[in-house]
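Notes follow once the structure below has been shown.
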Amino acid sequence: MNQLYKIAISIAFLLLPILQVRAQEDIRFSNYSYNRLFYNPAYAGSTGFMEAVLAYRNQWVDIEGSPETAVLSVQAPVNFSKFGLGAVVYNNRFGIQKDNAVFLNYAYHLQVSFEGVLSMGIQAGVVNKQINWTDLTTYDPNFPSPDDPAFPDQDISTWVPNFGIGFYYYTPKYYIGLSTPRLLSNDQPATEGFSDNMKFKLKNTVFYLGGGVNFPIGQELKFKPSLLVISSYSGVTTAMTNFELEHESGVSAGVGYRTDDSWAGILGYQLNPKLRFSYSYEKYFGIYGSKGYTNHEIILNYNLSLRKSRITSPRYF
């Protein structure tokens, strides 16, 4: 009964922040718990072993030009030290726009209690932002030319530096993190050059607040609720919450909800101590029937011990 009470309190705690949020952030993953370095540089080195993550998300399936995102991240602790290192590479496509980015991460881990560790991380990198105007077919009957002069007649490619910070507190039972991984403006360039994109624009800064709990249910099951709140300084906010059951055999299943009335089904399997596979199917069920799009997402986690001792029980909290 005491265990069920704790689970009920945790569910209520995770649902409370999503009651008043109504918007979304461009790049997101339904199964964010297994792609944590993308959101928080302080996660680097927190697992005790090297972790590589390959994630792919396809939004609005069957809609031409719909968003597609691919992420590759690697993080690991530096042996016999309090440091962690990581790297994130991602490609994000949306219509005629495309971003390619590379970020390097550094984190310092401080033991603040018997089980609790506080990690402070920074990241820095570059983003190549592109708009392929030549892929558009434009026409304005008021002009003799077949192309509308309001649109540029050449593609744009701009390199934008960026950096971010994060904080991450974790124990074997739960974690909580706060980060803003990309502090500079993410505006797409209208013309060549990147001076405008290098400006710090507080209204465009996005903050991530995430947390999760690991509850054992008997000897064979674990209940793992989690929450990710994404908020901009201007007040645009969205939240995602997942509820997942994991069996000792390595099979996991759960559901997720996002505040734009999207629901997700989540499946996972720990193929062996090193490799985990996760899949999510997401669909919109809100009042706007025309938005009934579906999203697919696949994530692979590969863990490798950096010491001679083998990995016996990979953890994510």
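Values quoted throughout were computed directly from the atomic coordinates according to the rules given, and no laboratory measurement underlies them. No experiment lies behind these values; they were computed from the predicted model shown.
Karplus-derived 3J(HN,Hα) values for the stretch 33-41, using 6.51 cos²θ - 1.76 cosθ + 1.60 with θ = phi - 60°, are 4, 9, 9, 6, 5, 4, 9, 9, x Hz; glycine and proline are entered as x.
Filter LYS82/LYS173; LYS173/LYS274; LYS224/LYS283; LYS98/LYS224 down to the pairs with a C-alpha to C-alpha distance above 26 Å, please.
Beyond 26 Å between Cα atoms: LYS98/LYS224.
In sequence order, the stretch 87-95 has phi-based couplings of 8, 10, 10, 9, 10, 10, 10, 8, x Hz under the Karplus curve 6.51 cos²θ - 1.76 cosθ + 1.60, θ = phi - 60°, and Gly or Pro positions carry x.
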